[in-house]
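Worksheet: the structure to be examined is printed underneath.
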Amino acid sequence: MNGPSKETPEYQLLIDGRFQLSSHGKIFELNSPYTDEKVADVYEANETDVDEAVAAAKAAFPAWRDLSPADRGEEFARLEALSTGKPVSRNFDSSIAIETFNYFAEAGWTVQGSSSRNTPGYLNITVKEPYGVVAAIIPWNLPLAFFAMKIAPAVAAGNTIVLKSREKSPLTIGLGAKLIVEAGFPPGVVNILHGYGPTTGNAIASHMDIRCISFTGSSLTGRKIQAAAAKGKTPAIIFDDADLESAAAQTQFSVQLFSGQTCIANSRIYVHETVAERFLGLFKERYGAAVLGDPLNTSTDQGPHADRVQYERVRAYLAIGEKEGLKRTLGGDAKDGNFIRPTVFAKVPEDSQIMKEEVFGPVVVIKTFSKEEEVIKKANNGESGLYASVFTKNIDRAGFKGSGIGREGYLHSLDSYLETKAILIKTR
């Protein structure tokens, strides 16, 4: 159906601080479950609208992230005050929403990292940082409560958000969107979309600029969303201030570990042009000297591939490189017994298959760069990024990307396998 009727209210999309129609003008009718009468016309977001909302959230993120918890808390305080004056505040989930926004107005101060000296010779430090653009998909029951429980912690942590209401209950979310605007949240920090799962929801779940999705709903839908979090095409960036011998040793080990059959292999290495010649010499010396042989022999550096299928897969990628005319500076030939010799390609275009796809073998591309902004853009130019290595003395050079859910290793892996229990004890 196109175009809203004049007899019923219409609910628009909130994108970049403005209410607007969907890009294709399509609406869906909302009917009362009691009388079956139409109560509202709701604009349905499509992929174009999702792109616009994510772009707005992405643009708003740096300024919102850099605000102090106190400044972000002021927005919640205004939102709470506005909510208490609305008739909807008499509803059960409205009181939950008010308490939630009030709580997270202060909770931003509690975000802390940790430090330890468990590794001899090192000080281990962890910090917690906002993802950037996050998304929320909420259920139809208790919509205002879930509206608050998704938005409040996300933006209190410094993220910007795109939230999708359920098609069964967009009206309360529409009111919440108006409160967001009235409270004075900066444009783009909170974006509200309406629509169906297969269209709007799918566009959100598959969007590569969304760093985290909070979903409450069926386990089947949740599995579909999680299916996108896989693979790895791991880059390594070697800056001009790096310890080159250490960088060469660690990247060589990363690629040669289990014959390159790991999702954390540094299969793309970017080296600053001023140190590229020395790094390449160190890397190729170590990489080319690797001993291939029996995995039970302690002198073996690289064993065979897991099976013939994987061996042929890597050979196919080598053939692709040859067909594309890529420059190979080391290896490339196969050896009997499911072995692939350590292989290095140079001057590979960013859009080549070997550059973009996970080879899962001892095949690495080494390229040079001159500017930090340039190499970060190239390192991020891919759908997956489960793992990355940055060799530098500047600890601010680090980031996140799109593959994987949670963290593995140390205490953070425990969190992935622990259920949080809330205990309420009556004291009087």
With 0.36 nm assigned to each residue of separation and the Cα-Cα distance removed, ARG223 to ASP294 gains 21.6 nm
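Taking each pair of distinct Cα atoms in the stretch 10-226 once, what is the resulting Kirkwood hydrodynamic radius in Å? Intermediate values should be presented prior to the final figure.
Values: mean 1/r = 0.0561 Å⁻¹.
Result for the stretch 10-226 stands at 17.8 Å.
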Per its Cα gyration tensor (rounded if a/c is under 1.5, else prolate when a/b beats b/c, else oblate), the stretch 97-231 is best filed as oblate
Specify the inter-centroid distance of the stretch 142-196 and the stretch 243-262, based on alpha-carbon positions, in whole Å.
45 Å
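Could you tell me whether the stretch 158-211 comes out rounded, prolate or oblate from its Cα gyration tensor? Rule is a ≥ b ≥ c as square roots of the eigenvalues, rounded for a/c under 1.5, then prolate if a/b exceeds b/c, otherwise oblate.
Working: a/c = 3.51, a/b = 1.20, b/c = 2.92.
Oblate is the answer for the stretch 158-211, as a/c is 1.5 or above yet b/c matches or exceeds a/b.
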Long-range amide H partners of ALA136 with built H, under 5 Å
VAL162, LEU163, LYS164, SER214
Which net charge results for the neighbourhood of ASN46, defined as the other residues with beta-carbon distances under 11 angstrom from its beta-carbon, given Lys and Arg at +1 and Asp and Glu at -1?
-4
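Arrange the following residues from fewest to most other Cβ atoms within 10 Å of their Cβ: VAL314, VAL255, VAL127, VAL181. Before the final figure, lay out the partial values.
Values: VAL314 23, VAL255 28, VAL127 11, VAL181 16.
Listed from fewest to most nearby Cβ atoms, that is VAL127, VAL181, VAL314, VAL255.
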Label zone at ASP240 (point 7 Å along Cα-to-Cβ), backbone N below 15 Å, the stretch 252-277:
271-277
Residues whose modelled amide H sits under 5 Å from the amide H of TYR387, counting only those 5 or more places away in sequence or on another chain, are LYS233
If you add up the charges near ALA56, with Lys and Arg at +1 and Asp and Glu at -1, over every other residue whose beta carbon is less than 14 angstrom from its beta carbon, what do you get?
-3
Provide, in order from the shortest bin, the percent of all Cα-Cα pairs of the stretch 108-174 in each 10 Å bin, continuing until the bin that contains the maximum pair distance.
19, 34, 22, 14, 8, 3
Unsatisfied cross-links (Cα-Cα over 25 Å) in the set LYS128/LYS178; LYS58/LYS377; LYS224/LYS356
LYS128/LYS178
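Can you sort ILE98, ILE264 by how many other beta carbons sit within 10 Å, fewest first? Intermediate values should be presented prior to the final figure.
Values: ILE98 21, ILE264 14.
Listed from fewest to most nearby Cβ atoms, that is ILE264, ILE98.
Only the coordinates and a few stated rules stand behind these numbers; no lab work does. No experiment lies behind these values; they were computed from the predicted model shown. In this analysis, Cβ positions are derived from the backbone assuming ideal geometry, glycine residues included, and neighbour counts consider all displayed protein chains.
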